[in-house]
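To start, the structure under review is shown below, and the notes come after it.
The values are calculated or read from the model by the stated rules, or taken from the named source; none is laboratory data. Everything quoted here is computed from the prediction, not taken from an experiment. Every residue, glycine among them, receives a Cβ derived from its backbone with ideal geometry; neighbour counts consider all protein chains shown. The protein model used for the area step is the full one, side chains on, heavy atoms only, and it has no ligands, DNA or RNA in it. Shrake-Rupley method; radii C 1.70, N 1.55, O 1.52, S 1.80 Å.
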Amino acid sequence: MCDLDGVVYRGETACEGAVEGLAVARSAGLPILFLTNNAARLPTEVADHLQALGVEAHPDEVLNSSQVAASYLRQHHPVPDGKQVLAVGGPGVAAALEDEGLSVVVPAQVVEQGGTQSVAAVVQGLGRNLGWADLAEATLAVSSGAYWVATNTDATLPLERGQAPGNGALVAAVAHATGRQPDLVTGKPHPPAFEIALQRLGLPAQDVLMIGDRLDTDIEGAGRAGLATALVLTGVHGRHDVAAAGASQQPDHIVETIVDLGAHWE
Ligand SMILES: [Mg+2]
């Protein structure tokens, strides 16, 4: 199980050791799942990006936090017949909900149908074109008692020029307006991400290694879910962060790049 940003790529560039390391894992016959908190991009877009970098990847091997939200909602919090899920965010949010067979409505359609009466749940993920009108519909539905799912609560989204608001900042806008907090957060480090990811792999936690670059999401969440963990030093956190982190964020392995894990697979 492999995180993407800071593990496989940074922007348009592959991380050192990632292409070779994942090729070694493939040739050893290991199933691979790319698990990302990015809710906005479609699995096909992510797979195309990986292929362009030279990493073999199929859309079925990509699981984003919108897909986790959709699958978790269907399994654990079914939407009653005749009710809808309001998709707030980029195209990845609505697409994931539709793929799970849920009845989806987007904010503009809520206005057309005259209100949020039929909205039983709200799934809120990042969308770069998200505006006030979208947050207004989310706020109205949440205030009316809809079950509120946030795909992730990352405060920031890293851009080339610095930190922009992440989904957590937009979730905070709805929380501030409604006086409520999300009923469920699905992305790493939260349990739904790992539950749905293990289902997709069809493997028990003890048979899976999570490769990540963040101690507070990838490593802590996977460790809590019972997976083995490896921190690669191609992304956000380094050895000094490990030294400063608490017991729940200690990785089982620390390697410079993914290719250094090859020794464990041979
Ligand atoms: Mg990362």
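State whether region 71-185 is rounded, prolate or oblate according to the following rule on the C-alpha gyration tensor (a ≥ b ≥ c being the square roots of its eigenvalues): a/c under 1.5 gives rounded; otherwise a/b larger than b/c gives prolate, and the remaining case gives oblate.
Here region 71-185 falls in the prolate category.
Would you grab the residues whose amide H sits under 5 Å from the one on A228? Only those 5+ places off in sequence or on another chain, please, with H modelled 1.01 Å from N.
Counting only residues 5 or more places away or on other chains, the set is V208, M210.
Mean separation of Cα pairs under 8 Å and 6+ residues apart, divided by the residue count of region 42-136: what relative contact order is that in percent?
29 percent
When a/c is below 1.5 the answer is rounded, else prolate if a/b is larger than b/c, else oblate, so apply that to region 195-266 with a ≥ b ≥ c taken from the square roots of the Cα gyration tensor eigenvalues.
oblate
If you roll a 1.4 Å probe over region 71-185 with all protein chains in place, what percent of the accessible area is carbon or sulfur?
Solvent-exposed carbon and sulfur of region 71-185 make up 51 percent of the total.
Please give the contour-minus-distance gain from E16 to R74: 0.36 nm per residue of separation, less the Cα-Cα distance, rounded to one decimal in nm.
Residue separation times 0.36 nm, minus the Cα-Cα distance, leaves 17.1 nm.
Determine the relative contact order of region 123-170: mean sequence separation of Cα pairs under 8 Å and six or more apart, normalised by residue count, in whole percent.
38 percent
Under 5 Å between amide hydrogens, which residues at least 5 positions from R10 or on another chain qualify, with H placed 1.01 Å from N in the peptide plane?
C15
Tell me, what is the per residue accessible area of region 76-223 in Å², probe radius 1.4 Å?
Counting only protein heavy atoms, the per-residue value for region 76-223 is 46 Å².
Among rounded, prolate and oblate, which fits region 134-199 when a ≥ b ≥ c are the square roots of the eigenvalues of its C-alpha gyration tensor, a/c under 1.5 means rounded, and a/b larger than b/c means prolate?
oblate
Calculate one ³J(HN,Hα) per residue across region 161-177 by plugging θ = phi - 60° into the Karplus curve 6.51 cos²θ - 1.76 cosθ + 1.60, and present them in order as whole Hz with x for glycine and proline.
Here the 3J(HN,Hα) series is 8, x, 9, 9, x, x, 4, x, 5, 7, 4, 5, 5, 5, 5, 5, 6 Hz.
Starting from the Cα of H253, step 7 Å along the direction of its Cβ; do the same at D81; then give the gap between the two resulting points in nm.
5.0 nm
Residue by residue through region 242-247, what is 3J(HN,Hα) from phi via Karplus (6.51 cos²θ - 1.76 cosθ + 1.60, θ = phi - 60°)? Round to whole Hz and write x for glycine and proline.
Couplings: 4, 4, 8, 7, x, 4 Hz.
Can you give the helix-only mean residue ellipticity at 222 nm for the chain, where every DSSP H stretch with n ≥ 4 adds -39500 (n - 2.57) and the sum goes over all residues, rounded to the nearest 500 deg cm²/dmol?
Only helices count here, giving -10500 deg cm²/dmol.
For a quick check, take a GNM of the chain with Cα springs below 10 Å and name the residue from P43, P80, P91 with the largest mean-square fluctuation.
Largest GNM mean-square fluctuation: P80.
Considering amide H positions built from the backbone, and no H for Pro or chain starts, which residues 5 or more places from V62, or on another chain, come under 5 Å of its amide H?
Amide H to amide H, under 5 Å and 5 or more residues apart or across chains, V62 pairs with F34.
Just to verify a number: FRET efficiency for L203 and A23, C-beta to C-beta distance, R0 = 22 Å, to 0.05?
About 0.60, to the nearest 0.05.
Over its Cα atoms, what ratio of radius of gyration to 2.2 N^0.38 Å does the chain give?
1.01
Report the label-to-label distance for D48 and R224 in nanometres (one decimal), using points 7 Å from each Cα along the Cα→Cβ vector.
About 3.5 nm, to one decimal.
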